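Heads up, the thing below is written out as structure tokens.
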Amino acid sequence: MDQPKPRVNGSMLPKYQGQCVCLLGTVKNIDGNGQSFVMTLSDGVDVDVFVQDPLQDMIEGLTEVVGEVGADARQIQCQHYINHGTVDFDLNLYDEACKMTQEFPDFYKVGVTAPPPQ
């Protein structure tokens, strides 16, 4: 079973080197051979996202990436991505939510569900 991944911004990446995370941002540019793309995360940090297979479709706008943070924390080995395209989404508010999950981890546990009501 696939394990939940913490949602993080660019400033948090060094803490997660070697681990899988979930990132959200906007595609800035795509490598000419389709092997990677640059994405600007919710806090304005740019990361290089490396895909396993060359991109077959054009991606742009809001994109969510699940991948492993490399030794260089600004390099992500993509496991999968979802391109949401051009949508109205408040990345600043999303960034604040990411910060809250890190600041108050006891209240925002990754992968924990509440027990059913009695």
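Summary of computed values
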| quantity | calculated |
| --- | --- |
| Residue-averaged 222 nm ellipticity for the chain, from DSSP H runs of 4+ at -39500 (n - 2.57), nearest 500 | -3500 deg cm²/dmol |
| Nonlocal amide H pairs with Arg7, under 5 Å, H built at 1.01 Å | Cys22 |
| Accessible surface ranking that places the most exposed of Tyr16, Tyr108 first, with a 1.4 angstrom probe | Tyr108, Tyr16 |
| Pairs of lysine residues in the chain - Cα separation under 19 Å, sequence separation of 8 or more or cross-chain | 6 |
| Cα→Cβ-extended label distance, 7 Å offset, between Leu55 and His80, nm | 1.9 |
| Contour excess over end-to-end distance, with Cα ends at Tyr16 and Glu96 and 0.36 nm allotted per residue | 27.0 nm |
| Cβ-based net charge around Asn92, under 14 Å, with every Lys or Arg adding one and every Asp or Glu removing one | -4 |
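The values are calculated or read from the model by the stated rules, or taken from the named source; none is laboratory data. Not measured: the values here are computed from a predicted model. Cβ atoms come from the backbone with ideal geometry, glycine included; neighbour counts cover every protein chain shown. The protein model used for the area step is the full one, side chains on, heavy atoms only, and it has no ligands, DNA or RNA in it. Shrake-Rupley method; radii C 1.70, N 1.55, O 1.52, S 1.80 Å.
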